[in-house]
């Protein structure tokens with residue numbers, strides 16, 4: 001193993017052990033902007049309903065569960081093979097419910113092109129290219145209809161990583177976005193491209209719905225020009241929770 005990778009993994013594990021102490025000292029001294037879930041934990045204290053849109057194989061759902069073990073985590077993954085791995089990885093946690101569907105602006109069946117790398121499957125890619133290995137019909141649900149079916153009236157944490165389909169997920173939340181969602185964590189891009197929602201558009205949407213940008217995490221720079229910021233994962237909190 002590359003020694004830099006080993007050192008990074010070791011330091012990350014040590015850091016996670018440190019913040020999981022969750023002592024008053026840690027809460028006060030650990031800087032905001034390093035671990036988004038711990039930042040949310042310090043802002044919300046508790047959570048009961050969490051939605052993981054684009055759960056992939058469940059890494060984020062499991063991490064969220066470690067901080068909010070009493071919360072129900074609804075993990076949406078529409079691609080069958082990836083969903084099967086998600087179920088395997090989360091089956092021991094009763095509070096994580098894996099759902100073989102995606103989220104969007106309407107309830108429908110759609111065709112998705114499948115990439116060789118399952119983390120970048122996107123409904124925004126409509127033309128085959130060299131990295132496409134197949135296609136599959138998937139189910140898309142509106143988030144507000146799903147919550148109505150489950151008799152839920154709010155979402156404490158909404159995490160979205162759906163490769164450019166973020167606004168469709170948000171639009172499918174209906175009126176919930178006004179008062180029923182407390183935190184939103186999503187991927188944003190800094191260049192105009194199909195699989196990334198642009199930062200400026202997200203900012204406009206969040207401002208209109210009374211969310212405040214509270215953190216920028218996991219920033220990535222462009223492969224071919226390191227001077228250019230490519231994308232990041234951003235945390236938005238309802239402004240009323242920050243007063």
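Residue check, residue 45 against (1) in contact with a helix residue (DSSP H, G or I) (Cβ under 9 Å, 6 or more places away or on another chain); (2) at pLDDT below 95, all met but one. Which one?
Just one mismatch for residue 45, condition (1).
Residue 166 versus (1) surrounded by 15 or more Cβ atoms within 10 Å (Cβ to Cβ); (2) touching a residue at least 60 places away in the same chain (Cβ under 8 Å): which is the lone unmet condition?
The one condition residue 166 does not meet is (2).
Looking at region 23-34 only, could you name the residues that are surrounded by 13 or more Cβ atoms within 10 Å (Cβ to Cβ) and in contact (Cβ under 8 Å) with a residue 24 or more places away in the chain?
Result: 32, single match.
Only one residue in 158, 176, 186 is modelled with pLDDT under 95, closer than 19 Å to residue 102 by Cα and touching a strand residue (DSSP E or B) at 6+ places or on another chain (Cβ under 9 Å). Which one?
176
List the pairs whose first member sits in region 186-203 and is free of Cβ contacts under 8 Å to residues at least 40 places away in the same chain, whose second member is exposed (fewer than 15 other Cβ atoms within 10 Å of the Cβ) and not in a strand (DSSP E or B), and whose Cβ atoms are under 7 Å apart, counting only residues at least 6 apart or on separate chains?
Close Cβ pairs (under 7 Å, with a partner that is exposed (fewer than 15 other Cβ atoms within 10 Å of the Cβ) and not in a strand (DSSP E or B)) amount to 198/192.
Filter region 41-70 down to the residues that are under 19 Å from residue 211 (Cα atoms), buried (at least 20 other Cβ atoms within 10 Å of the Cβ) and more than 13 Å from the chain's Cα centre (by Cα) and list them by number.
Correct list: 47, 49.
With the checklist (1) loosely packed, with under 13 Cβ neighbours inside 10 Å; (2) within 29 Å of residue 152 (Cα to Cα) in hand, flag the one item residue 211 doesn't pass.
Only one criterion is unmet by residue 211, namely (1).
Take residue 101 and decide whether it is at negative phi and in contact with a helix residue (DSSP H, G or I) (Cβ under 8 Å, 6 or more places away or on another chain).
no
If you go through region 221-236 one residue at a time, do you hit one that is at pLDDT 95 or above and out of contact with any strand residue (DSSP E or B) (no Cβ under 9 Å at 6 or more places or on another chain)?
no
For region 59-77, enumerate the residues that are over 24 Å from residue 137 (Cα atoms), outside any helix (DSSP H, G or I) and touching a strand residue (DSSP E or B) at 6+ places or on another chain (Cβ under 8 Å).
68, 71, 72, 73, listed by residue number.
Out of all the residues in region 1-22, which are part of a loop (DSSP other than H, G, I, E, B) and loosely packed, with under 12 Cβ neighbours inside 10 Å? Don't jump to the end; show me each part of the working.
The initial filter retains those residues of region 1-22 that are part of a loop (DSSP other than H, G, I, E, B), namely 1-2, 21-22.
Residues satisfying the conditions are 1, 2, 21.
For residue 87, state whether it is surrounded by 18 or more Cβ atoms within 10 Å (Cβ to Cβ) and under 29 Å from residue 15 (Cα atoms).
Values: surrounded by 18 or more Cβ atoms within 10 Å (Cβ to Cβ): no; under 29 Å from residue 15 (Cα atoms): yes.
Here the answer is no, as residue 87 does not meet what is asked.
Residues of region 78-99 being touching a strand residue (DSSP E or B) at 6+ places or on another chain (Cβ under 7 Å), without any contact (Cβ under 8 Å) to a residue 60 or more places away in the chain and assigned to a loop (DSSP other than H, G, I, E, B), which ones?
Hits for region 78-99 are 79, 95.
The values are calculated or read from the model by the stated rules, or taken from the named source; none is laboratory data. Model, not experiment: these values are computed from the prediction. In this analysis, Cβ positions are derived from the backbone assuming ideal geometry, glycine residues included, and neighbour counts consider all displayed protein chains.
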